[in-house]
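Some notes on the structure that comes next.
The values are calculated or read from the model by the stated rules, or taken from the named source; none is laboratory data. A quick note: this is a predicted structure, and the numbers were derived from the prediction, not measured. Cβ placement follows ideal geometry from the backbone for every residue including glycine, while neighbour counts extend to all protein chains displayed. Note: accessible area is taken over every heavy atom of the protein model, side chains too, but ligands, DNA and RNA are not part of it. Shrake-Rupley method; radii C 1.70, N 1.55, O 1.52, S 1.80 Å.
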Amino acid sequence: MDLFKMMGQFKDMQSRMQTMQDEMSQRTFSALAGGGMVAADVDGKMQLKRIKLDPTVVNGHDIEMLEDLIVVAVAEAQKKAAEAMQMELSKVTGGIDLPFKLPF
């Protein structure tokens, strides 16, 4: 294979990857916990953007349950974002396994 052609393809893939990452950072991924009592939104970079609590879940006597529900909702939203990123990445790379692990 022509080395210059391969370098050009790599540069094109790198550009498409940057575009995909920019687009993903604009997306929002949501998850619920506790039957919808806790909602979490993260962006495509898996940064927490919003927590919404149903007033009935806020109970001063059971803070531990609320904390657990928040962790579950955030983790699920981050998982959705990571799965979407992996799917988009496989489109960009054409299913080629990269020799390094990306941070998502």
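Less than 5 angstrom separates the built amide H of Arg27 from those of Gly44, all sequence-distant by 5 or more or on a different chain. In the context of the full set of protein chains, residues of the chain present 70 Å² of accessible surface per residue (probe radius 1.4 Å, heavy atoms only). Over the chain, DSSP H runs of length four or greater, each weighted -39,500 (n - 2.57), average out per residue to a 222 nm ellipticity of -18500 deg cm²/dmol. Report note on the peptides 39-48, 19-28, 5-14, 64-73: ranked by the mean count of other C-beta atoms within 10 Å, highest first, their order is 39-48, 64-73, 19-28, 5-14. Computed over all pairs of different Cα atoms, the Kirkwood value for the hydrodynamic radius of region 14-61 is 12.4 Å. Net charge of the neighbourhood of Lys5, taken over other residues with C-beta under 13 Å away and scored Lys/Arg +1, Asp/Glu -1, is -1. Using the Cβ of Arg50 as centre and a radius below 11 Å, the other residues enclosed give a net charge of 0, where K and R count +1 and D and E count -1.
Using only Cα atoms and rounding to the nearest 10 degrees, what angle (0 to 90) does helix 3-25 make with the longest principal axis of the chain? Once rounded, one gets 20 degrees. Quick one: what are the phi-derived ³J(HN,Hα) couplings along region 88-94, Karplus 6.51/-1.76/1.60 with θ = phi - 60°, whole Hz, x for glycine and proline? So the Karplus estimates, Gly and Pro as x, are 5, 5, 5, 5, 5, 8, x Hz. In this structure, the pairs whose alpha-carbon distance is over 30 Å, taken from Lys5/Lys91; Lys11/Lys45; Lys52/Lys79; Lys5/Lys45; Lys5/Lys49, are Lys5/Lys45; Lys5/Lys49. Using a cut-off of 10 Å between beta-carbons, work out the net charge of the residues near Gly34 (Lys and Arg +1, Asp and Glu -1, Gly34 not included). Every neighbour counted, the sum reads -2.
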